[in-house]
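K.L.:
What follows is a single structure, and I will ask about it in a moment.
The values are calculated or read from the model by the stated rules, or taken from the named source; none is laboratory data. Values in this document were obtained by computation on a predicted structure and should not be read as measured data. Note that each Cβ is placed from the backbone with ideal geometry, even for glycine, and that neighbours are counted across all protein chains shown. Surface accessibility is based on the protein's heavy atoms, side chains included, excluding ligands, DNA and RNA. Shrake-Rupley method; radii C 1.70, N 1.55, O 1.52, S 1.80 Å.
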Amino acid sequence: MTQARTNGRSWLRYAPIAGIALALAIACWAGAGRYLSLDALAERSAALQAYTREHLLLAGLGFVAVYAAAVTLVFPATLLLTLAGGLLFGWFTGGLLTILAATAGATALFLAARTAFGDVLRERVGNGLIRRFADGFRRDAFGYLLVLRLSPLFPFAAVNIAPAFFDIPLRTFVLATLIGIAPGAMIYASLGSGLAATLAAFGTSRHLELADLVSLQTTLALAGMALLSLLGLVLKKRVLDRPRRVEGRADVASDA
């Protein structure tokens, strides 16, 4: 009886991940992608803006809920939702809501992954890339995760899941995520805040591309993203690649 209860509890650890996978499958089957596209946003922008003006609190709560769900489900719509946040709430409020929602969704995915797989992978950490990540998080979990967040080289979903395998404290994960995603969220929200003028100029008569959003305001936002990318490269070189250089010098010293 005790063994059966233990086995039952061991299977329950996979329930959150299974629920996320099921919800993602249902969202894809239901065609959620049709409603989370730039064209769909263009078609409904006037109605969404009117609703936001009349029901600001409900619109904000709904935005946070949808955004957090998209992050948790790893649904490829977070960039569009960040733009929508800037369009509906302005760059500052939209950016703050994005940071809150993205952190909530990332934390939910992190906890689900840690519950399901954390112990399993930690027991199998050996050499190579996994060992480098483990050593980096063990050395300075907050700083290491902050660099991963700031650098656009690393997919957002991957950085949500990877720390779950290396025994990162929840408080550290949440704080590093809040700070690390803030610059990108504000930049993309600023890009979205210029959508209204673009949509008014182009209307809904043709398919929109991100290139259609280019203006002085969006150019400044994109310049900010370029600087953020450069910062990410510098931080990656100085922090993430440091163990490799240290190991290389250690090998040379041992050979001598």
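K.L.:
How do 29, 91 rank by accessible surface area computed with a 1.4 Å probe, from largest to smallest?
P.N.:
Ranking 29, 91 by accessible area, largest first, yields 29, 91.
K.L.:
What is the projected area of the convex hull of the Cα atoms of region 63-122, averaged over all directions, in nm²?
P.N.:
4.1
K.L.:
Could I ask something else about it? As a test question: what accessible area, to the nearest 10 Å², does residue 166 have when a 1.4 Å probe is rolled over all protein chains in place?
P.N.:
Accessible surface of residue 166 is approximately 30 Å².
K.L.:
If you count, for each residue, the other Cβ atoms within 10 Å and average over each peptide, how do 173-182, 104-113 line up from highest to lowest?
P.N.:
Result, highest mean first: 104-113, 173-182.
K.L.:
A further question on this structure: How long is the gain from residue 18 to residue 93 if the chain were fully straight, where each residue apart is worth 0.36 nm and the alpha carbon distance is subtracted?
P.N.:
Value of the extension gain: 23.6 nm.
K.L.:
Sticking with this one: Work out, step by step, the length gained on full extension between residue 51 and residue 170: first 0.36 nm times the residue separation, then minus their alpha carbon distance; give nm to one decimal.
P.N.:
Gain on extension, residue 51 to residue 170, equals 39.3 nm.
K.L.:
I would also like to ask the following. In whole percent, how big is the carbon plus sulfur part of the accessible area of region 1-94, probe 1.4 Å, protein atoms only?
P.N.:
70
K.L.:
In debye to the nearest 20, how big a dipole does region 1-91 give about its Cα centre with +1 on each Lys and Arg Cβ and -1 on each Asp and Glu Cβ?
P.N.:
460
K.L.:
Right, something else. For an R0 of 25 angstrom, estimate the FRET efficiency from the Cβ-Cβ distance between residue 138 and residue 117 and round to the nearest 0.05.
P.N.:
That pair, residue 138 with residue 117, gives E of 0.85.
K.L.:
Still on this structure: How high is the relative contact order of region 8-78, in percent, counting Cα pairs under 8 Å that sit 6 or more residues apart?
P.N.:
In percent, rounded to a whole number, it is 38.
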